[in-house]
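Structure, as structure tokens:
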Amino acid sequence: MGPLNRSRTIATLVVLVCVLGVVVFCHYEAWKHYEIEIEEPLTFEIQPGDSFTDIASKLRSQGIIQNVGYFELLARVSNSTGSIQAGEYSFSGAHTPVTVLQILVQGDVVARTLTLPEGGSFTEFLTILESTPKIVFDLTNRSVESALAELNIERTWEQIPSNHGEGWFFPDTYQYTTSMRASEVLNMAHRKMIDELREAWLQRDPTLPLNTPYELLILASIIEKESGVVEDQKQISGVFSRRLNKNMRLQADPTVIYGLGETFDGNLTRSHLSMDHPYNTYRNYGLPPTPIAAPSRAALQAAANPAPGDALYFVARGDGTSEFSATLEEHNRAVRKYQLNQKD
């Protein structure tokens, strides 16, 4: 082949390469913005340590993207290969490769929720976390003492038993993402409780017969177990505050029940009220040694700011509300009416 023919061949190859490059570039640009309609939501999960090639291949196998090579090129051009965040994603509707990559880089993961109920115990909270989908239960021992030790929670106030979980964690609905650890959720709940308790303590009635925030937490937990009605909680707080001021026993059924633990069968008897244990407020004066449940914000605020009045007694009406009485005679009449179904 002569020099002239060789030059023409090279020129032709260069043109062909350029034309091919233009075609590929145009195809790539069109692919970037081509919308794929995902009719049913597709769940896609990226595990920590997944390579970008693995991620692109999974996306292709689920029909979220159509070209693995182009998707890798898109990520390299945008310097995003190392920015993909692990987690669970949900894709639905129209998506282009560009929007898919943006979602993975921004970490728009599926947000799930779980609820730690008001008035719940620490053991109940552990059971909820252990049975919640996509939560990693990372507490190796379900005993209260071991769990609290693993959480490494700082004892914020003095004289708080290290083997007691009630009162440490705020009951609320929390958002979590796939593979979040149970300890992370509990630490969020703990920080929330500290904040709520601190706020309630700062806003408390100055005449409140309580000496520490922890005592406020104990009282709020009893109020929470007595009633879920906000207005009644304030009245109940007033009853307990007046009883504490008058050095009267609280006589709160929920504390007795808590002290009975797993032996309680749902029927509170007179013999239970005479038993000797730290949570029997029918025998003991003052507050029990620890909270008995997780109080809500309303219960904390009620404990901090009891309603004024002269009531020293209350009884459940059977409809969720309570009847309040200033004298024992009035209270006994209310008990006969609402609990014994007797008429005067």
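So the values come out like this:
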read-out	value
Carbon + sulfur, % of accessible area of the chain - ligands and nucleic acids excluded, 1.4 Å	50 percent
Ordering of 127-138, 90-101, 234-245 by burial proxy (mean other Cβ atoms within 10 Å per residue, highest first)	234-245, 90-101, 127-138
Under 10 Å, Cβ to Cβ, from Phe44 - net charge with Lys/Arg +1 and Asp/Glu -1	-1
The range 240-247 - phi-based ³J(HN,Hα) in whole Hz, Karplus 6.51/-1.76/1.60, Gly and Pro as x	5, 5, 5, 5, 4, 5, 8, 6
Relative contact order of the range 213-331, defined on C-alpha pairs under 8 angstrom at six or more residues apart (%)	37 percent
Residues whose placed amide H lies under 5 Å from that of Ile65, excluding near-sequence neighbours	Arg60
Approximate spin-label separation Thr263-Ser179, in nm, with each point projected 7 Å along Cα-to-Cβ	4.7 nm
For log10 I(q)/I(0) by the Debye sum over Cα atoms at q = 0.08, 0.11, 0.15 Å⁻¹, calculated from these coordinates, the label among (i) -0.35, -0.68, -1.31; (ii) -0.63, -0.96, -1.28; (iii) -0.58, -0.82, -1.18	(iii)
Surrounding net charge for Ala94, when Lys and Arg each add one and Asp and Glu each subtract one, Cβ distance under 9 Å	-2
Helix 68-77 axis, angle to the chain major axis (alpha carbon atoms, nearest 10°)	80 degrees
Calculated P(r) of the range 302-344 - Cα pairs past 13 Å, %	55 percent
The chain, relative contact order in percent, only Cα pairs under 8 angstrom and at least six apart counted	14 percent
Per residue accessible area in Å² of the chain, where ligands, DNA and RNA are left out and the probe is 1.4 Å	53 Å²
Note, ³J(HN,Hα) from phi for the range 297-314, Karplus 6.51, -1.76, 1.60, rounded to Hz, x at Gly and Pro	4, 4, 5, 4, 5, 5, 5, 7, 9, x, 6, x, x, 10, 5, 10, 9, 7
Neighbourhood charge, 11 Å Cβ-Cβ cut-off, centred on Tyr285 and excluding it, Lys, Arg +1 and Asp, Glu -1	+4
Alpha-carbon centroids, the range 33-71 and the range 163-196: separation in whole Å	34 Å
Estimated FRET transfer efficiency (Arg76, Ala149; beta-carbon r; R0 56 Å; 0.05)	0.75
Protection proxy ranking, peptides 257-267, 320-330, 201-211, 174-184, average beta carbon neighbours within 10 Å, highest first	174-184, 320-330, 201-211, 257-267
Rounded FRET efficiency, nearest 0.05, which uses the C-beta distance separating Thr123 from Gln47 and R0 of 35 Å	0.65
Gyration tensor verdict on the range 173-311 (Cα atoms; rounded if a/c is under 1.5, prolate if a/b is larger than b/c, oblate otherwise)	oblate
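The values are calculated or read from the model by the stated rules, or taken from the named source; none is laboratory data. Since the model is a prediction, treat every value here as computed from it, not as a measurement. Ideal geometry is used to build each Cβ from the backbone, glycine not excepted, and the neighbour counts take in all protein chains shown. Just so you know, the surface numbers come from the protein's heavy atoms only, side chains and all, with ligands and any DNA or RNA stripped out. Shrake-Rupley method; radii C 1.70, N 1.55, O 1.52, S 1.80 Å.
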